[in-house]
Each structure stands twice: as structure tokens, then as C-alpha cells.
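The values are calculated or read from the model by the stated rules, or taken from the named source; none is laboratory data. Here the structure is a predicted model, which is why all the values come from computation and not from measurement. Here the Cβ positions follow ideal geometry from the backbone for every residue, glycine too, while neighbour counts run over all protein chains shown.
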Amino acid sequence: MLKIDRDNQSFSLLDTPSLADVSITERYDLQEFICNTPDAFFKEIGQELFLLGKEIEPSKNMQDRIDVLAVDKEGACVVVELKRGNHKLHMMQAISYAGMIAQWSSDDFLQLLDDGKQDALIDFLEEVDVEKINRSQRIILVAEAFDYALLIGAEWLSDNYGVDVMCCRIAVAKDAATNNEYLVCSNVYPAPELAQEAVPRGRRKSATNKAKWSDWDSALAKIKNSAVADYYREQLEAKRESYLRKRILHYRIDGKRRWFAAARQARSYVWQHGRFDGDIEFWQHGLSDAKAVKPVKDGKCLSFFLATKDDFDFFHQAATEKLLASEWLAGSPEEELDEVEAEE
């Protein structure tokens, strides 16, 4: 990295110490920098990811932990492994973690997040439903250098077996005059395509996070199951609290959110915040897909699906009448959940 001197119209080299030289460790520094400002780091390496956490235990059968765990817009799990300097077993470690993470269910991932973060994740996943998280796994290796053998191995795994591996080289640059430090990131594998690097003539990058629907009519137009669309139209006409961006209806008891129902192509996905005594049996008895009723978030919540008119009728009567006087068990969410749909 070169420093620009406008007065003298010249460049000067910045110092380029190693991470060890400036006492930046993997776990207590680099990992913390990334997790405290994940959006900035992920954008710098050309990724759009949602941070799930750090020091994640991939299996109860081992003591090792994943440095950083994230998910991308398509719901793929992303294992990020950090190394100061370089290490020949860097990729092997990440592959073993990805293999263990591949056995996780979507609920295992949701248990890493509090209620507000879960809502934020739902908002982030524009392309897939939250229950489809972890259909595939990706690996991002971050290090100061990479062995030739590791890069050849990454290419072989990618070309022959479709393993998505990315190698990001990092370096520190330091301005001796101000003592400011900078992190320089460059992706060494896969090499950026020429088409990605070139700036299209006369075009600008489109804005990210663009809403898929301009109104509820367009949001419901392509839903294949008429029972889903009809119920949502009925509730919207009745002024039910809603969130267009994710096609969600909200249900509250005494001001506290207890359920949200997210419309999908063939059914509606329902999340129950908190528990009441006998709730699993209650929903299993009244819904067509009894097997889909299951505890989530370490047993603190429930999820299930609505697919038929009878399902929607049963759920609506329960959420708006039958369950209004229910006693919610200790440990249920008592505070108002953060609104991810608040205007930015």
C-alpha cells in the first residue's frame, strides 16, 4: 500500500509488519475485529454474509471451535477460519468443521441467535426460507500467506467436487507518521473473473436489499396455494399487523408478539415465541401436518406449518380467541421484540 503525498505529488511506502510484529493474535484480536464489525470485513472481501457467531462448537465430540460462522443470502453455511502467518493444515481443519456443520439442522443455527437476531436473519435471507439454512456449506480461509499445496488442493476440490473454498490473504500496513494501522485484503483463490473486475460502461451497481414486492397484491400473486393467499388477503383487509418485505403476519397477546406467520409458495411457516403447557399436543391435534410441529431455539419456541383452509381456521381461532388466556411458561419471552421492519 502506498501513501499519497499531495504536496510533493509523490508516493511513499507504508510499513508492512506481520501480524505477529504488531501483536495481533488470531483469537483475541483478528477474530474480535471481524465480529465487532462484520459488515465492513465481509464487504472488503467481496462477500455479503450474516454473522452467526464466533468460537462455535461444531460437534459435542471434540473441543475445537470454529473461528467465525456465517450464512450467505442463499442460506449456505460459511465456515471462516483465521490463521496468523500460514499453516499447512488450515484447509483440512476448515473442511472437517464444514463436514460437522453439514449435520446441523436449521434449528441448531437459530439457537445461536436471540429473538431479535432471528428476525434480522429472516430479513437477510431474501432468497430462501429460514428452515432451508445449511443446504450447502462454504469455506473461507483467511491468512497472511498460503502454501502452494493448499491452493492447488482448493482448486482440485472446487473443480472436481464442487467444494466452495475461498482463500483471502491479509496484511497489515502501518503509517509511521500517524501510527495508524490498516488491514489489506486480497482474494487469491478463486481469482476474480475479468468480467467481475471490469467496470461496466454507462451502468452503476444496483442498490442492494431491493424489495421484491411493491405491494401485497404482487407479493401474494405468485403463491401457488390459494388457501395461503386467501387467508393473507383476509387478514390484510382486517388490518392485521404485517411486514410486506418478508410476507409476514404478526399475532400478539397483551402487546407481546407470540406468533409470526410467513407466507411461502405452498404453505405458511409459523414461529411461536415462547411456550404454554401442552402446546405441542394442542397444535398437533389441530393441524394437518402434525409431525412438523417441533420445539426450536433450545425448546423455548415452536415452529409449524399451515397449508389448508382448516389449518388457517384452526390457527386463527387459537391465536385470536382460544389462547388469549393461556398461561405462558417461565422462560418465555416477556419483552417486546425488536422490530426489524422499522424504517431505516
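Of the residues examined, residue 29 is one that is surrounded by 12 or more Cβ atoms within 10 Å (Cβ to Cβ), free of Cβ contacts under 8 Å to residues at least 60 places away in the same chain and not polar (S, T, N, Q). Name the pairs: first residue in region 40-63 and under 15 Å from residue 170 (Cβ atoms), second residue part of a strand (DSSP E or B), Cβ to Cβ under 6 Å, at least 6 apart or on different chains? Taking only residues 6 or more apart or on different chains, the pairs are 42/49; 44/185; 45/168; 45/185.
One line per residue, one yes/no per condition, for (1) under 11 Å from the mean Cα position of the chain (by Cα); (2) among the aliphatic types (A, V, I, L, M):
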residue: 30; (1), (2): no, yes
residue: 38; (1), (2): no, no
residue: 46; (1), (2): no, no
residue: 61; (1), (2): no, no
residue: 78; (1), (2): yes, yes
residue: 83; (1), (2): no, no
residue: 91; (1), (2): no, yes
residue: 109; (1), (2): yes, no
residue: 119; (1), (2): yes, no
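The set of residues in region 56-75 that are surrounded by 17 or more Cβ atoms within 10 Å (Cβ to Cβ) and not in a strand (DSSP E or B) comprises 58, 75.
Checking each residue in region 252-287 for being part of a loop (DSSP other than H, G, I, E, B), closer than 16 Å to residue 329 by Cβ and either charged (D, E, K, R) or in contact with a helix residue (DSSP H, G or I) (Cβ under 7 Å, 6 or more places away or on another chain) (or both) picks out 254, 273, 275, 277. Filtering region 76-86 to residues that are modelled with pLDDT of 90 or more and in a loop (DSSP other than H, G, I, E, B) leaves only 76. Look at region 229-251: where a residue is farther than 11 Å from residue 263 by Cβ and part of a strand (DSSP E or B) and a partner is among the hydrophobic types (A, V, I, L, M, F, W, C) and modelled with pLDDT of 90 or more, sitting 6+ places away or on another chain with Cβ atoms under 8 Å, you get 250/259; 250/260; 251/259; 251/260; 251/261; 251/319. Of all the listed residues (42, 11), the sole one being modelled with pLDDT of 90 or more and surrounded by 18 or more Cβ atoms within 10 Å (Cβ to Cβ) is 42.
Taking the listed residues 128, 184, 142, 163, the one that is modelled with pLDDT under 85 and of a type outside the set (S, T, N, Q) is 128, with no other qualifying.
To keep it simple, each residue is scored yes or no on (1) within 30 Å of residue 303 (Cβ to Cβ); (2) touching a helix residue (DSSP H, G or I) at 6+ places or on another chain (Cβ under 8 Å).
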| residue | (1), (2) |
| --- | --- |
| 3 | no, no |
| 8 | no, no |
| 26 | no, no |
| 29 | no, no |
| 76 | yes, no |
| 83 | no, yes |
| 91 | no, yes |
| 102 | yes, no |
| 105 | yes, no |
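Quick check on residue 53: is it in a loop (DSSP other than H, G, I, E, B), in the same structural domain as residue 143 (by TED's automatic domain parsing), surrounded by fewer than 16 Cβ atoms within 10 Å (Cβ to Cβ) and not polar (S, T, N, Q)? Answer is no for this residue. Condition first: assigned to a loop (DSSP other than H, G, I, E, B) and at pLDDT below 90. Now tell me which residues in region 288-324 satisfy that. Correct list: 297, 298, 299, 300. From the set of residues in region 38-50 that are of a type in the set (Asp, Glu) and part of a helix (DSSP H, G or I), which is nearest to residue 103 (Cα to Cα)? Ranking the candidates gives 39 first.
Screening residue 169 on (1) free of Cβ contacts under 8 Å to residues at least 40 places away in the same chain; (2) surrounded by fewer than 13 Cβ atoms within 10 Å (Cβ to Cβ); (3) not in a helix (DSSP H, G or I) shows it passes everything except condition (2). Answer with yes or no whether residue 22 is in the same structural domain as residue 167 (by TED's automatic domain parsing), out of contact with any Cys (no Cβ under 9 Å at 6 or more places or on another chain) and at pLDDT 95 or above. Taking the combined requirement at face value, the residue does not satisfy it. Restricting attention to region 276-311 and to residues that are within 19 Å of residue 117 (Cα to Cα) and of a type outside the set (Val, Ile, Thr), the residue that is surrounded by the most Cβ atoms within 10 Å (Cβ to Cβ) turns out to be 301. Here residue 267 passes the criteria (1) in contact with a Ser or Thr (Cβ under 8 Å, 6 or more places away or on another chain); (2) at pLDDT below 95 except the one numbered (1).
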